[in-house]
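One structure below.
Bear in mind that the values in this text are calculations on the coordinates, not laboratory data. Bear in mind that the values here come from a model prediction, so they are computed numbers and not experimental data.
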Amino acid sequence: MKQDTTLRGRRIKQGQMVFQMLMAANRDPAVFTDPDRFNIQREDNKHIAFGYGAHYCIGAPLSRMEGQIVFNTIMNRMPNMKLTDGEAHWDPAKPNSRVLKGLHVTF
């Protein structure tokens, strides 16, 4: 017996191909305030960068710790660092993912 499902009001038939849009991940305006703005200090950040559930990345805690060490070290060594244009620059050559190409700073 075939079993269809519904996702956000859309019927998906059993066996039907579904394509995920990685560029849309973590950018739902119903979840994130100003989702297109790069904000490293975003509060209540329910992102899915490390996966979810059974597919949650086992290395996530290590990655978070490494990120904290890197950013704290950079800020301690360059306390006057500021964004020059206030914009994150994304790589348009990567249409299926959101890849940071540049973040222009001065120090």
Taking the 0 to 90 degree range and rounding to the nearest ten, how far is the long axis of helix 60-77 tilted relative to the main principal axis of the chain, both from C-alpha atoms?
20 degrees
What is the extension gain from Thr106 to Lys94, computed as 0.36 nm multiplied by their sequence separation minus the C-alpha to C-alpha distance, in nm to one decimal?
1.7 nm
Between Met78 and Tyr56, what is 0.36 nm times their sequence separation minus the Cα-Cα distance? Round to one decimal in nm.
4.5 nm
Quick P(r) readout (segment 5-55; Cα-Cα; 5 Å bins; whole %) gives 4, 15, 20, 21, 19, 12, 6, 3, 0
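Antiparallel DSSP bridges in the chain: what percent, to the nearest 5?
Values: 8 of 8 bridges.
Around 100 percent antiparallel, to the nearest 5.
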One checks the Cα atoms of the chain and finds Rg and Dmax, in Å, of 18.4, 64
Pop out the ³J(HN,Hα) list for segment 84-89 in order, Karplus 6.51 cos²θ - 1.76 cosθ + 1.60 with θ = phi - 60°, rounded to Hz; leave Gly and Pro as x.
7, 10, x, 10, 8, 10
Sequence-distant or interchain residues sharing an amide H contact under 5 Å with Ala88, placed H: which?
Phe38
